[in-house]
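Notes follow the structure.
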Amino acid sequence: MADSEKVAIVTGAARGIGLEIARELLAAGMTVVAVDLRQDLLAGLPQALAASPGKLETRAMDVTNSEGFTALVDEVAEKYGRLDVLVNNAGITRDGLLLRMEDADWELVLKVNLTSAFIGTRAAAKHMIRQRDGSIINMSSYSGLEGNRGQANYAASKAGLLGLTKTTAKELASKGVRCNAVAPGFIKTEMTDVLPQQAKDMALEQIPLKRFGLASDVAKAVAFLACDASNYITGQCISVDGGMHT
């Protein structure tokens, strides 16, 4: 199937990396259902992405709601007759040192970052298996590969996504369904803009390419995994981090 005929769901799509992923998939001509908890931010997407050749839909949704997220996936697949791409990008941080971390902050980050991806993957896989084709892409992180001080919850959730990715790839490969992950490093977004300059300087020292990444750098890797150009790649993690993880 041509990439321009594909139907994709992208979670956490209202801003940052998720927004750029939606932009890249729309640029390929795909129909993109952009999902986010923030209805106010979703409202601006049609104008922001108006120049793209693909078709955009927006849906306000809490992706940790298993019944609701599953129903959304089923609805999209029924409406368009197929579902080709799922990008599990929704994620949050609640940073803090391990000894001071509250149970609630641990549980919320795991729920949003990891459990939502499981819910979406389980729902999407049923439709992709039926059509014997599909690509699931999970947004991991450098923290999930290496760990990071002050991010026990975040790093655990992103490492968990790698395990989910590899297991999904092995279980679904014989059905024609692929599953991969992308692990961004230090990417310039609204979330990182508010960090103290000292933290930014320390991060820059660790990056061999000596610059921070852009959301578009990550989005291009995701788009590659979503398109047929990567149809012999599954169970892998692509690091987009300027050479930090080698």
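Since every read-out is calculated from the coordinates, none of them should be taken as a lab result. Everything numeric in this text was worked out from a predicted model, so none of it was measured. With ideal geometry, Cβ positions are generated from the backbone for all residues, glycine too; neighbour counts draw on all protein chains shown.
Spherically averaged projected area of the convex hull of Cα atoms, the chain: 12.8 nm².
The protection proxy used here, the mean number of other Cβ atoms lying within 10 Å of each residue, ranks peptides 232-240, 10-18, 150-158, 56-64 as follows, highest first: 10-18, 150-158, 56-64, 232-240. Taking a straight line from the alpha carbon of LYS55, these lysines sit under 23 Å away, with near neighbours fewer than eight places off in the same chain left out: LYS6, LYS79, LYS220. Note on the range 27-132: the C-alpha convex hull projects to 8.1 nm² when averaged across all orientations. With contacts taken as Cα pairs under 8 Å and at least 6 residues apart, the chain reaches a relative contact order of 19 percent.
For the range 59-196, taking Cα atoms only, Rg and Dmax work out to 15.8, 49 Å respectively.
In terms of distances greater than 21 angstrom between alpha carbons, the cross-link table entries LYS188/LYS210; LYS158/LYS188; LYS158/LYS210 yield LYS158/LYS210. Relative protection proxy for 160-173, 77-90, from highest mean packing down: 77-90, 160-173 (other beta-carbon atoms within 10 angstrom).
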